[in-house]
Structure formats: structure tokens, C-alpha cells
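Note sheet for the following structure.
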There are 2 protein chains.
Amino acid sequence: MKFCSECAHPVALFIPEGDNRPRYVCAQCATIHYQNPKMVVGSLPVWERDGELKVLLCKRAIEPRHGFWTLPAGFMENNETTAEAAIRETEEEAGANIALGGLFTLLNVAAVHQVHLFYMARLLDLDFAPGIESLEVKLFSEREIPWDDLAFQTIRTTLELFFADRVKMQEGGGAHGFHSQDIIRPMRFHSDPHSEPG
Amino acid sequence: MKFCSECAHPVALFIPEGDNRPRYVCAQCATIHYQNPKMVVGSLPVWERDGELKVLLCKRAIEPRHGFWTLPAGFMENNETTAEAAIRETEEEAGANIALGGLFTLLNVAAVHQVHLFYMARLLDLDFAPGIESLEVKLFSEREIPWDDLAFQTIRTTLELFFADRVKMQEGGGAHGFHSQDIIRPMRFHSDPHSEPG
């Protein structure tokens, strides 16, 4: 940030009176330009038939991580709820019809100023198709998942927690719980990690 | 937003190519200025002795809702996790030492582009004191809570869910669960609902 978005004068970075951290402040109109974390919201769409379980992944057609696999997810927009964002992103990126379940993971990625949320989802049919931001959309069983070609650490963590929960459910019943974790070392890319992930 | 924060030229509001909603776009450098929801994070500090349970509330010294009661909470900052934000806000607004528990509520307030998160917390001692944004900090039993003088609907909802959980726990055991709700009609104020709540 170099200029004030309200009056176009240059901004300066300093700790405003009564505050305790540096902010971009306009030298002309005194507007304080707060910068806050963004939410990335998506779903974990599951298809289960005849005892076989598969999850839906999208191959990214955009940077960062072009060509790598992700769960459908993207930046939450104004005027929508987290659940609406998860359904919208699943529709936009995978063309998939889902019944949204409960919140499954909340993953802090403080290093890039993001919080990622993933909802459980049940795939309603097989009429999915890649949206403009995906090269391919495909169902994977646990052993088919391209673990070395996943786009983001939060995708890996969410999938790992999902299959770990499945083992516990098969052993002793119960349901998918809610998990919260901090991602200390997000994957590093050549491209800007702050850029729109979908 | 009137001017580009990168080059100071005027921005225009239109749907960029390949997008599906209006964005502020710079006519000069073509930067797209995305606007996304903000997270407000806080805690529900509980003090329990000799079978009596109380919760910690802060009387707001700032707008919006000056003079009304709130749980300690505020906008999440860059470079921190949601749990760190909850602990920081509790320290800043209530001077309170807490042991943070699990995420208790996720409340969407889409009308004002906010998502509010409240964590369960156990008050470690009674050495709390109002910070610069609070007039007063006080413990309240359920019947003492100033229900008509609460600052925000998300505070009311979180407290109601907490005491409803307590009833269930006394009847049949269990623990505080995670709750997610959409706040359709946030409280309306004379002051700007978008302004910093803490």
C-alpha cells in the first residue's frame, strides 16, 4: 500500500496514537488503513457407494500451484456466509452439486495472513465438471490421492484428518469431528503466496 | 474506495474479465482491489468456584455501542492465529489471564462482512482490569447478565448457547460443543456497523 484509497495522498507506516502496531495512515486525511487476515473457504466432497469412499479433487488451472491438486476452495466474498462460500466455490471450481455438512477444519496460516475453513460435503451426483479455474476434476480413493502433488498444506492436513477420522469411526463408531490446527510451515512457492488461491 | 492504493489513480467499479462480481479496478495499473470479510475473534472467560459460575464481560469505552456490554473480542490481526487473537483481545480489553479452550461459536454476520469466532476460556485469577477500550470489567452469573444492554447480537447468541449447553451438561453430561449460526438481523446502530468493534 502506497497511497490512500480515499484521497490519493501518500500513506505512511507508523503506530497511530492509542494503537500498538504499525498501520498505513494517510498523511492528508488521517484515514487508518487496517489490513486483516482473509478467509479461504472450501469443502471436502465425499462420494460413497458399495462401501467404497472417494473424495473430489480439482487440478488447478491458475497460479499459485498451477497443475497441482486441491479441494475446491477460495477466498470468501463480502455478503456471503462461510457455508455459502463453501458451496459457491465447490460449484465454481468443480461444477459439483453437494449437500453441505458441518465445519470440519479451521486451519490458521498466519504466515500468509489466512484462515482456511473446510466443510464436510456429500456429493449428490456425478455430474461434476471443471470450472474455469480447474484443468480437471476427479474422484480419488485414499490410496489414489496424489499426496505429492497437492497444492497446499491445508489440503493435505484436511485430507489426513479426514482419513484418520474414518479409521476411528470404523474402529469405534462416532462421526467426523471438528479440527483446528496451525500450519506453521506453509508450502513455499515461486509465485506470490498472498495471491488468490482460487 | 476511490483511488488505487498502488498508483493513486482513480478506481472504477466493474466486473473484471473472468470474474463474476464487481471489483474496484485501477484504470491506470489494472490492479484489482478485492474486498473480503473480516474476522472478529474473542473469548468467553468463565470463573467457577463452589458450584457458582460467572462469565467476564467488558463495558465498551469506544464506539460502536459505547457503554454496552461485550465479551472481550476484536478484529484479528495479520501474523497471528485465531487462538492468539482471542488471548490478545482478552488481555487488551479485560486485562484477564486465561487458559484458552476450544472454539465455541462461529457466527456469520454477512450483512456487515464479518465472521465472529468465540473460544471457551477459563479465567486463571481475578486480577482483571479494564483496558483502554473498556470502562469496566465484571463477572456476571447467568441471572445478573445485562441481557438488554449487550453490545452485539453475536455476544447474546454466544452467551445463550453457553448457558443452554450448561443445562444439557447438568442433565446428561457431555461438554460444550461447537456451534455455528448465521446472524440474519444484526443489531442496528446509529454509528457505522463496519467500524472497528474492539
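The values are calculated or read from the model by the stated rules, or taken from the named source; none is laboratory data. The shown structure was predicted, so the numbers you read here are calculated from the model rather than taken from an experiment. Glycine also receives a Cβ, built like all others from the backbone with ideal geometry; neighbour counts cover every protein chain displayed.
Just checking, does region B:24-38 include any residue being assigned to a strand (DSSP E or B), at the interface with chain A (Cβ under 10 Å from one of its Cβ atoms) and of a type in the set (Lys, Arg)?
Yes, region B:24-38 contains at least one residue that is assigned to a strand (DSSP E or B), at the interface with chain A (Cβ under 10 Å from one of its Cβ atoms) and of a type in the set (Lys, Arg).
Do we find a residue being more than 30 Å from B:HIS176 (Cβ to Cβ) and either in contact (Cβ under 8 Å) with a residue 24 or more places away in the chain or assigned to a strand (DSSP E or B) (or both) anywhere in region B:60-72?
Going residue by residue through region B:60-72, those that are more than 30 Å from B:HIS176 (Cβ to Cβ) are B:63, B:66.
Going one step further and asking which of them are either in contact (Cβ under 8 Å) with a residue 24 or more places away in the chain or assigned to a strand (DSSP E or B) (or both), we end up with B:63.
Yes, region B:60-72 contains a residue that is more than 30 Å from B:HIS176 (Cβ to Cβ) and either in contact (Cβ under 8 Å) with a residue 24 or more places away in the chain or assigned to a strand (DSSP E or B) (or both).
Against the condition at pLDDT below 95 and surrounded by fewer than 23 Cβ atoms within 10 Å (Cβ to Cβ), how does B:GLY74 come out, does it pass?
Numbers: at pLDDT below 95: no; surrounded by fewer than 23 Cβ atoms within 10 Å (Cβ to Cβ): yes.
Judged against the criteria, B:GLY74 is not a match.
State all residues of region B:165-176 that are in a loop (DSSP other than H, G, I, E, B) and touching a residue at least 24 places away in the same chain (Cβ under 8 Å); if no residue qualifies, say none.
B:HIS176
Could you list all residues from region B:102-152 that are out of contact with any helix residue (DSSP H, G or I) (no Cβ under 9 Å at 6 or more places or on another chain) and of a type in the set (S, T, N, Q)?
Passing the criteria: only B:SER141.
What about B:ASN79, is it in a loop (DSSP other than H, G, I, E, B), exposed (fewer than 14 other Cβ atoms within 10 Å of the Cβ) and in the same structural domain as B:SER141 (by TED's automatic domain parsing)?
Taking the combined requirement at face value, the residue satisfies it.
Which of the following residues is under 28 Å from A:LEU117 (Cα atoms), surrounded by fewer than 20 Cβ atoms within 10 Å (Cβ to Cβ) and in contact with a strand residue (DSSP E or B) (Cβ under 9 Å, 6 or more places away or on another chain): B:GLU160, B:GLU91, B:GLU144, B:GLU136?
Answer to the check: B:GLU91.
Keeping to region A:94-120, report how many residues are surrounded by fewer than 23 Cβ atoms within 10 Å (Cβ to Cβ) and outside any strand (DSSP E or B).
Of the residues in region A:94-120, 6 are surrounded by fewer than 23 Cβ atoms within 10 Å (Cβ to Cβ) and outside any strand (DSSP E or B).
Among the residues of region B:39-72, which ones are away from every other protein chain (no Cβ under 14 Å) and under 12 Å from the mean Cα position of the chain (by Cα)?
B:GLY42, B:SER43, B:LEU44, B:THR70, B:LEU71, B:PRO72, listed by residue number.
Taking the criterion of being in contact (Cβ under 8 Å) with a residue 24 or more places away in the chain and either farther than 30 Å from B:GLU77 by Cα or in contact with a helix residue (DSSP H, G or I) (Cβ under 6 Å, 6 or more places away or on another chain) (or both), would at least one residue in region A:153-164 satisfy it?
No, the conditions are met nowhere in region A:153-164.
Return yes or no: is A:LYS2 closer than 26 Å to A:PHE75 by Cα, among the basic types (Lys, Arg) and free of Cβ contacts under 8 Å to residues at least 24 places away in the same chain?
yes
Mind listing whichever residues of region A:1-45 are in contact with a helix residue (DSSP H, G or I) (Cβ under 8 Å, 6 or more places away or on another chain) and among the hydrophobic types (A, V, I, L, M, F, W, C)?
Passing the criteria: A:MET39, A:VAL40, A:VAL41, A:LEU44.
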